[in-house]
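We did not get these values from a lab; they are worked out from the coordinates using the rules stated. What you are looking at is a predicted structure, and each value in this text was computed from that prediction instead of being measured. For neighbour counting, all protein chains shown are included, and Cβ atoms are generated from backbone atoms with ideal geometry for every residue, glycine included.
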Amino acid sequence: MRPEEAATTRKRIVEILRRSSRPLTVDEIAGELGTDIAAEDVYEHLVHAARSLRARSGGREILVMEPPYCKKCGYVFKNLNRPRKPSRCPRCKGEWVAAPRFTIVRRG
């Protein structure tokens, strides 16, 4: 992917999140983009979009992630270094893990 395509994709992701009335999963974002984009690529774009959004808005807008959680035991994956959907729960070893959801929050 060329750098200008990546920038355009990131801008589109930010616009999708701004228009949404609720937090969206990576699969929902990819569906809105309407392209054959892998989930891993959307996660990578979200990392860069978060930095750009915060810098351009002077901190008035931030990209927030609702962390993934285990639907079986309720474990919340709070200490993720990068956004992703874990494959298994470390507590119960279950594979029924809810995907993280993303939204843009506007501050004062």
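Structure data summary
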| read-out | value |
| --- | --- |
| Filtered chymotrypsin sites (Phe, Trp or Tyr not before Pro), the stretch 1-99: DSSP coil and at most 16 other beta carbons within 10 Å | W96 |
| Under DSSP loop assignment and at most 10 Cβ neighbours within 10 Å, longest trypsin sites (Lys or Arg not before Pro)-free interval of the chain | 1-77 |
| Summed residue charge, Cβ within 10 Å of T103's Cβ, Lys/Arg positive, Asp/Glu negative | +2 |
| For V97, distant residues with modelled amide H under 5 Å away | K71 |
| Unit charges on C-beta of K, R, D, E only; dipole of the chain, Debye | 640 |
| T25 long-range amide H proximity, modeled H, under 5 Å | F102 |
| Positive-end residue, the chain charge dipole about Cα centroid, Cβ charges, pick of A49, T8, V105 | V105 |
